[in-house]
Amino acid sequence: MSQPGFWNNPETAQEVIAQVKSVKALIDPLQQMLKLNEDMAALFELQVETGDPSLADEIQKEIRRLEQTVNQVELITLYKGPHDTGNCYFHLQCGTGGADACDWTEMMLRMYLRYCERVGYEVEEMDRNDGEDAGIQSAELHIKGPYAYGNLACEVGVHRMERVSPFNAQGKRQTSFAAVNVTPELADIEIQIDWDEEVREDTYRAGGKGGQHVNKTSSAVRLVHLATGIISQCQNQRSQHQNRAEARKVLMSRLYQLEEAKRDVELSKIFGEKGEIGFGYRIRSYTLHSYNLIKDERTGLKVADVDGVLDGNLQPFIEAELRRKAAKRGK
């Protein structure tokens, strides 16, 4: 990075910076753990020499800080996938439930945006389809940051929400579904695709925010892999060429995921033959009536702080799922 002309090629420079962030995400907690250990040892020695009882409180604070850092380092050891340290594409899809489901999907989008904000991930919205009456039908995000794929892959599956419907005049209880799919950003893997023969390309005008140029030209691109029916689309860039390049990256990522699902028994439960999430596989239930509780069906973790979770506090669920996966690998 210190070499002259480092920024002459911005794309290469960004790749190097991403590598630096991944390495720092591993090294920084280790260095912090070693430093805290040295500081605590020095405090113990000072207390023994001086007999100062006031140092006991300071030692307890250092122990708690060290425990948190050790837990962070331990979590790093749980990322075993080849792409866990890298960026990802994050897709939200509305399920059954009408306007409530669209509204629930938008609530989930906000939840994940708040999570990314908490952990310092960079988020770029690639595509968004609004619902007819409320909320959104789907959204596609490009999420960048250390362990973005490793963390968010723990959220893949169907999320079920139960509440009193704000769209029902009788105030009846409504159950809604939305699905999450996460694929890794593949930097070093090239999947062989005949783009002319195997993929259909559609162009259309982008919707929503984006300015006059984006909304008045057919710059948005939708790609359909004919053999599997897998779809990828992008509309956030100004040019059709840029949107096509991004959509191709997403499509290759999903085809790679489909091949992984064929080899992984657990993944095959989630993804069908077309690489799409089946709405029969529920990973988490969010109950907002007549009591507040969120339960993860895989780990059994229950959290009563619904507002906190919907505001992006997803780390307890992600950590529990990482540990479950590690325990399963160890059997």
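The values are calculated or read from the model by the stated rules, or taken from the named source; none is laboratory data. Keep in mind that what you see is a predicted model, and the values were worked out from it rather than measured. Reconstructed Cβ throughout: ideal geometry from the backbone, glycine too, with neighbour counts over all protein chains shown.
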(message) Given the criteria part of a helix (DSSP H, G or I), modelled with pLDDT of 90 or more and surrounded by 12 or more Cβ atoms within 10 Å (Cβ to Cβ), does LYS35 qualify?
(response) yes
(request) Among what's in region 158-207 and is surrounded by fewer than 21 Cβ atoms within 10 Å (Cβ to Cβ) and small (Gly, Ala, Ser), pick the residue that is modelled with the lowest pLDDT. (result) GLY207
(request) Could you check, for region 101-116, whether at least one of its residues is assigned to a loop (DSSP other than H, G, I, E, B) and either of a type in the set (D, E, K, R) or surrounded by fewer than 23 Cβ atoms within 10 Å (Cβ to Cβ) (or both)? (result) no
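Considering only residues that are crowded, with 19+ Cβ neighbours inside 10 Å, assigned to a strand (DSSP E or B) and not charged (D, E, K, R), which ones fall in region 117-128?
Residue satisfying the conditions is MET126 alone.
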(request) Hey, could you check region 300-321 for residues that are β-branched (Val, Ile, Thr) and assigned to a helix (DSSP H, G or I) and say which is surrounded by the fewest Cβ atoms within 10 Å (Cβ to Cβ)? (result) VAL306
